[in-house]
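First the structure, in the form of structure tokens, and then the observations on it.
The values are calculated or read from the model by the stated rules, or taken from the named source; none is laboratory data. Quick caveat, the model's predicted, so the values are computed rather than measured. Glycine gets a Cβ as well: all are built from the backbone with ideal geometry, and neighbour counts include every protein chain shown. Accessible surface areas use protein heavy atoms only, side chains included; no ligands, DNA or RNA. Shrake-Rupley method; radii C 1.70, N 1.55, O 1.52, S 1.80 Å.
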Amino acid sequence: MSGHKMLFSGLKLWTSGRSTWISRLHDGIHGFGKASFSSNSPKVCIVGSGPAGFYTAQNLIKSRQDVEVDIYERLPVPFGLVRFGVAPDHPEVKNVINTFTQTAKNSRCNFYGNVNVGKDVSIEELKQAYHAVVLSYGAEGNRSMGVPGEDLAGVYSAKDFVGWYNGLPSCRELNPDLSCETAVIVGQGNVALDIARVLLSDIDMLKKTDITQLALEGLAESKVRRVLMVGRRGPVQIACTIKELREMVNLPNTKPEMVAADFEGVTEALKDLPRPRKRLTELMLKTALDIPGEKEQEKRNKATRIWGLRFFRSPVEILADPDNKKTAGIRLAVNKLEGSGERARAVLTGEVEDMTCGLVISSIGYKSLLIDPSVPFDSHKAIVPNSMGRIQQAAGLYCSGWLKTGPTGVIATTMNNSFDTARSLVEDMDSGTLDVTAAKPGSQSISALLEKRGVKPVTFSDWEKIDSVEMKRGEATGKPREKLLTVEEMLKVARK
């Protein structure tokens, strides 16, 4: 019956032993406004609406024709790091939103934004309402560098800096100080290169993206002309992909600044590298050591901005200005490698060097946080201990995405790990390990709890109102969208 719009009046619904008269029912409309389904179907709840949450939902719906999935999200808007993490100049990566939208509009899927699991509703309450609960809320915390001076003005985490230019409500007021000439990014992964690219990109190019107006204004006034990305190991261990490195190499109005000594012995190591790593390393070597051709030399001569990679360096201290108020530089330990390839370890040599800079961005990884004390959590690895997505010592609890693996890989990696979790869940349903024979109320009981607690969820059609407003605002300035920057604004539009 789901999907057919039928109106019933005067339908008598029996709940908790007492009758409630409902004048209108659209496939069993409940307090949230979309279909609540048959009482005897397997009900799965997913916490988090980023790629991990949506890919898990997509695979569950595809694998079993009777399963019903509810996705809960803390913010009023879906898509997690696709919206708040992907660089503004990578619109093609955001195309996965189309797939996620199809999943959200499936008759067996519901989206509930503006619900803070762990605060508005507990995991235990979700477990009582659903046959299975999948935690896919990602990694919202920052890994700390753990060095003196980390709290000085001018030091930011990559997560917050990216959140600032991508419109994450909690980062709206970051207002980073971009008045210095040199910025140092600690880390050499794709996020570090994204940030370097945004800092060094021509403002007219950024104006055509969905970067926030707030960030555009800040970057238009930026004095940053040189960005160095520091890594504790060598070129062969760099964490970025060739696509991101190639974008840096080709970035208009910029030239590379490398240290030839960092590449000693790298040419000899090439033959033993797997193909993707080999191509990446060859591009680095070419950029660092080759005499540029005429066209490239012309580009470098005209460039007013510089980017560089510094290897075998670890942060020891953020150095303060004479007033001890803000960042003036970074002290780096000089490392050497023990071992080779992926397993090589950075070992301190005892040497240090200082680098002058007014901006330090720590891009050494995001980390997952515990949202509910009832969930097993490995605080050292910052993951939920699991086997193929099954949370250990917690029947009916599953996890996918970065909460499951730690913050590694790209969206395709998350897709595969989420599909694995969905497969584990379906196997458990099919084998009877997970009992889905007993009826569970699903979102109906959670709806009642949230209503009692004064929480009004945002449905997917509410999100579409926000989406529409953002696209119209963007259109007015020649951008794909202009994001709403506060939860209050989002809710106001959603509830019109």
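Structural remarks
- Filtered by the rule that a residue be in a loop (DSSP other than H, G, I, E, B) and either touching a helix residue (DSSP H, G or I) at 6+ places or on another chain (Cβ under 6 Å) or modelled with pLDDT under 95 (or both), the range 199-211 gives a lone residue, I211.
Residues checked against (1) of a type outside the set (D, E, K, R); (2) surrounded by fewer than 16 Cβ atoms within 10 Å (Cβ to Cβ); (3) farther than 21 Å from I242 by Cα:
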residue	(1), (2), (3)
V266	yes, no, no
M284	yes, no, no
T287	yes, no, no
W307	yes, no, no
D323	no, yes, yes
T327	yes, no, yes
R331	no, no, yes
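Every residue, every condition in (1) part of a helix (DSSP H, G or I); (2) open to solvent by 10 Å² or more (accessible area, probe 1.4 Å); (3) more than 23 Å from E92 (Cβ to Cβ); (4) among the acidic types (D, E), yes or no:
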residue: R197; (1), (2), (3), (4): yes, no, no, no
residue: V224; (1), (2), (3), (4): no, no, yes, no
residue: L228; (1), (2), (3), (4): no, no, yes, no
residue: R233; (1), (2), (3), (4): no, yes, yes, no
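- Among the residues of the range 420-443, those identified as open to solvent by less than 40 Å² (accessible area, probe 1.4 Å) and either under 26 Å from G80 (Cβ atoms) or under 31 Å from the mean Cα position of the chain (by Cα) (or both) are T421, A422, S424, L425, V426, D428, M429, L434, G442, S443.
- Of the candidates I361, I446, the single residue that is part of a strand (DSSP E or B) and either without any contact (Cβ under 8 Å) to a residue 24 or more places away in the chain or in contact with a helix residue (DSSP H, G or I) (Cβ under 7 Å, 6 or more places away or on another chain) (or both) is I361.
- Pairs where the first residue, in the range 244-257, is touching a residue at least 24 places away in the same chain (Cβ under 8 Å) and farther than 15 Å from I195 by Cα and the second is of a type in the set (K, R) and not in a helix (DSSP H, G or I), C-beta under 9 Å, 6+ apart: N253/R305; K255/R305; E257/R226
- Qualifying residue in the range 295-302 (condition: at pLDDT 95 or above and touching an Asp or Glu at 6+ places or on another chain (Cβ under 7 Å)): no
- Qualifying residue in the range 68-83 (condition: touching a helix residue (DSSP H, G or I) at 6+ places or on another chain (Cβ under 9 Å), over 23 Å from L397 (Cβ atoms) and among the charged types (D, E, K, R)): yes
- Counting only residues that are surrounded by 24 or more Cβ atoms within 10 Å (Cβ to Cβ) and either over 22 Å from K404 (Cα atoms) or among the aromatic types (F, W, Y) (or both), the range 130-155 holds 2 of them.
- Criterion: aliphatic (A, V, I, L, M) and out of contact with any helix residue (DSSP H, G or I) (no Cβ under 6 Å at 6 or more places or on another chain) - qualifying residue of L434, L425: L425
- Which numbered condition R453 misses (of (1) touching a Gly at 6+ places or on another chain (Cβ under 8 Å); (2) within 21 Å of Y112 (Cα to Cα)): (1)
- Among the residues making up the range 168-187, those that are assigned to a loop (DSSP other than H, G, I, E, B), open to solvent by 20 Å² or more (accessible area, probe 1.4 Å) and of a type outside the set (D, E, K, R) are L168, L174, N175, S179, C180.
- Any hit, the range 2-13, residues being open to solvent by 40 Å² or more (accessible area, probe 1.4 Å), among the aromatic types (F, W, Y) and either modelled with pLDDT under 95 or outside any helix (DSSP H, G or I) (or both): yes
- Selection status of E342, part of a strand (DSSP E or B) and not β-branched (V, I, T): no
- Unmet criterion (only one of (1) open to solvent by 40 Å² or more (accessible area, probe 1.4 Å); (2) modelled with pLDDT of 90 or more; (3) out of contact with any helix residue (DSSP H, G or I) (no Cβ under 6 Å at 6 or more places or on another chain); (4) of a type in the set (A, V, I, L, M, F, W, C)) for A394: (1)
- Pick from the range 338-358, criterion within 31 Å of the chain's Cα centre (by Cα) and not small (G, A, S), ranking: least open to solvent (accessible area, probe 1.4 Å): C357
- Strands (runs of 3 or more DSSP E) wholly inside the range 51-153 that include at least 3 residues being touching a Cys at 6+ places or on another chain (Cβ under 8 Å) and at pLDDT 95 or above: 68-72, 132-135
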